[in-house]
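Visitor: Encoded as structure tokens, here's the structure I'll be asking about.
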Amino acid sequence: MLKSKDLLGLRDATAEEIGLILDTAEEMKKKLNSPNKTSELLKGKTLVTLFYENSTRTRSSFELAGKYLGMTEINISASSSSVQKGETLIDTGKTLQSLKTDFIAIRHPMGGAPHLLAKTVGCSVLNGGDGMNEHPTQALLDMLSIREEFGTLKGLKVAILGDIKHSRVAKSNLFGLTKMGAEVWVYAPQTLIPRGFDELGAHIATSREQCVDGANAVMGLRIQLERQSGGLFPSLSEYSRFYGVNDAVMKHAAKGAIIVHPGPVNRGVELTPQLIDGESSRIEDQVTNGLAVRMAALRLLSEYREANL
Ligand code: CP
């Protein structure tokens, strides 16, 4: 069983909890691939997706995960809610609690916003990405995709190239993958590597070839121009030329290496279109795995609530 009513990040998650979510997601995926993908497992429970930032994959997969599990589900986006009239996150959370909400999946531009919400309400809070902090369900679906390919995460090398500094995905993957026994290497212009990332367990490569050398999975990350104040590298075309992943770079990877990317992808910047659409790409499978992981998280948090609240 999970150890908390909320899923806020992987920094404090145990390997057992991560393993439990991945195993449950595999079970959920079998159901998703069966002729009837819906169940009544969480019938009577309510999920609200509360998104203060844009999203395609995370929001739609939380919504569908709820629907496939028989939940009542609604979406609130900040742009069309009373947030525009000045309502605080805490007051919004209390309003949702008064509406008998059981689960809130939140995305917010400020790191720590889901943690604040979780302290304020009795609902279970699932972090759908908070600023530059964490994106736990994304890392879990990345881990599921890699584990599906190799049967384990232990002993694998995962190379992450791109905008590490602004990436909540890189942080959650670093926490999760290292706990599961994988080695994480990163490469980017120095201005896009966060200070102290090596102290968290990452290996900082000095070239993209070193980063990818012998890697079993190569993850590209989008350059998050919306979180940058500018001047961190000369131009996107130069970034792509010196830091992007292409066929020549992938020749250094291990035999059978796969390409993963959390999306959205900027084609031709972090990865070439040939790699995105090629045989080694698992980018589309990752999206399906996101659904399975979010179904698993809702199910396991529901079990925690039944047992403890
Ligand atoms: N990977 C990810 O979080 O995608 P969205 O922004 O589309 O949710």
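Visitor: Once each part is reduced to its C-alpha centroid, what is the distance from the stretch 201-233 to the stretch 15-82 in angstrom?
Guide: 30
Visitor: Once the Cα atoms of the stretch 250-295 are picked out, what are the Rg and Dmax in Å?
Guide: Gyration radius and largest Cα-Cα distance of the stretch 250-295: 11.6, 36 Å.
Visitor: Which residue, A118, A297, A248, tops the fluctuation ranking in a GNM of the chain built on C-alpha contacts under 10 Å?
Guide: Per the Cα network of the chain with a 10 Å cutoff, A248 tops the list.
Visitor: Figure the gain on full extension for A15 and R267 (residue separation times 0.36 nm, minus the Cα-Cα span) and round it to one decimal in nm.
Guide: Details: separation 252, 0.36 × 252 = 90.72 nm, distance 3.38 nm.
Full extension from A15 to R267 adds 87.3 nm.
Visitor: Summarise the accessible area of the stretch 16-143 (1.4 Å probe, protein heavy atoms) by the percent that is carbon and sulfur. The partial results should precede the final answer.
Guide: Working: 2860 of 5570 Å².
The computed percentage sits at 51.
Visitor: Between R195 and R241, what FRET efficiency follows from the Cβ-Cβ distance if R0 is 22 Å, with the result rounded to 0.05? Can you show the working numbers first?
Guide: Values: r = 26 Å, r/R0 = 1.18.
Efficiency, from the Cβ-Cβ distance: 0.25.
Visitor: Would you please give the residues with an amide H less than 5 Å from that of L126, counting only those at least 5 places away or on a separate chain, with H modeled from the backbone geometry?
Guide: L7, I104, A105, I106
Visitor: How far apart, in nm, are two points set 7 Å out from the Cα along the Cα-to-Cβ line at E26 and at E279?
Guide: 2.6
Visitor: Let me know the shape class of the chain, please: from the alpha-carbon gyration tensor, a ≥ b ≥ c as square roots of the eigenvalues, rounded when a/c is under 1.5, otherwise prolate if a/b is greater than b/c, or oblate.
Guide: Prolate.
Visitor: While we're looking at this one, here's another question. Could you list which residues have their amide H under 5 Å from that of M110, counting only those 5 or more apart in sequence or on another chain, with H placed in the peptide plane?
Guide: Long-range HN contacts for M110: G131.
Visitor: Could you tell me what percent of the accessible area of the stretch 179-309 is made up of carbon and sulfur, with a 1.4 Å probe and every protein chain present?
Guide: On the way: 2920 of 6200 Å².
Heavy-atom surface of the stretch 179-309 belonging to carbon and sulfur, 1.4 Å probe: 47 percent.
Visitor: How much accessible area per residue does the chain have, counting only protein heavy atoms and a probe of 1.4 Å, in square angstrom? Mind dumping the intermediate values first?
Guide: Details: 13440 Å² over 309 residues.
Value returned for the chain: 43 Å² of accessible area per residue.
The values are calculated or read from the model by the stated rules, or taken from the named source; none is laboratory data. Keep in mind that this is a model prediction, so the values were computed, not measured. Neighbour counts run over all protein chains shown; Cβ positions are idealised from the backbone, glycine included. Note: areas computed on protein heavy atoms with side chains; ligands, DNA, RNA excluded. Shrake-Rupley method; radii C 1.70, N 1.55, O 1.52, S 1.80 Å.
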